[in-house]
Amino acid sequence: MARPRTPLLSRDRIVATAGALVDAEGLGAVSTRRLAAELGVSGPSLYNHFRNKDEILDAVADSVSAQVDLSMFDEDDVRDWRTALHDYAVSYRAALTAHPHIAPVLAQGPGRRPAGLRVADTVFGAMVRAGWPPVQATHIGALMRYFITGSALGSFARGFVDDETAYDPADYPHLGQAHLLAERQQRVDEGAFETGLTALIVGLAAQYETVRATPKSS
């Protein structure tokens, strides 16, 4: 009888296993020893694919960036830049909401990660194509990353305990309903994100009109 075959080790298997650990237990759960045990291989075999743990976490972060929908920025897409930015932000946040523990790595920027660089390149190119000057297009790309990753780094609603006695009206007269926030986390956090995103895009739209009305220097 043939011996059972151990699945071949690959970058994809390592990234998928590391990503599952990050999702379940956080960034601190990932070590080369733990990964090797999860994969059923010897520790040194991981170094045939990655030099160290940081490279593995970079690859996990890039796999999340690859989940972000960028189709709204295609040249043949009918959405204008305002709607495209909105839909991109919603897609990016959805990816981070599904994998919140990797947000601190993504918040550091794309580095050399291919999918992360593709996101940055696509957003920048779309803003320039829409008529934004390159400097301001860069600012918009940065602004969107700050806003989206920042929203994924923590929950406003979960920051309040569900103990009504913690909010003595003598001390906190306006927090009488704060103990209900945690159980309404999704609605509160998504509402806050949408409110901020709308305000951000409305503000950019006002700036855009000024930019378009300003004569270009020769």
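The values are calculated or read from the model by the stated rules, or taken from the named source; none is laboratory data. Owing to the predicted nature of the structure, the values given are computational and were not obtained by experimental measurement. Please note: Cβ atoms are built from the backbone with ideal geometry, for glycine as well, and neighbour counts cover all protein chains shown. Remember, those area values only see protein heavy atoms, side chains included, never the ligands or the DNA or RNA. Shrake-Rupley method; radii C 1.70, N 1.55, O 1.52, S 1.80 Å.
Details
- Residues of segment 41-51 satisfying the condition of being open to solvent by 60 Å² or more (accessible area, probe 1.4 Å) and assigned to a loop (DSSP other than H, G, I, E, B): SER42, ARG51
- Qualifying residue in segment 63-82 (condition: modelled with pLDDT of 95 or more, more than 23 Å from PHE193 (Cα to Cα) and in a helix (DSSP H, G or I)): yes
- All helices (runs of 4 or more DSSP H) inside segment 88-152 with 1 or more residues being aliphatic (A, V, I, L, M), free of Cβ contacts under 8 Å to residues at least 24 places away in the same chain and open to solvent by 40 Å² or more (accessible area, probe 1.4 Å): 114-129, 134-152
- Count - residues of segment 153-165 that are open to solvent by 60 Å² or more (accessible area, probe 1.4 Å) and in a helix (DSSP H, G or I): 4
- Taking segment 10-40 as the range and being buried (at least 16 other Cβ atoms within 10 Å of the Cβ) and part of a loop (DSSP other than H, G, I, E, B) as the test, only VAL30 passes.
- The set of residues in segment 167-218 that are exposed (fewer than 11 other Cβ atoms within 10 Å of the Cβ), under 29 Å from ALA142 (Cβ atoms) and acidic (Asp, Glu) contains only GLU209.
- Segment 189-218: number of residues that are small (Gly, Ala, Ser) and part of a loop (DSSP other than H, G, I, E, B): 2
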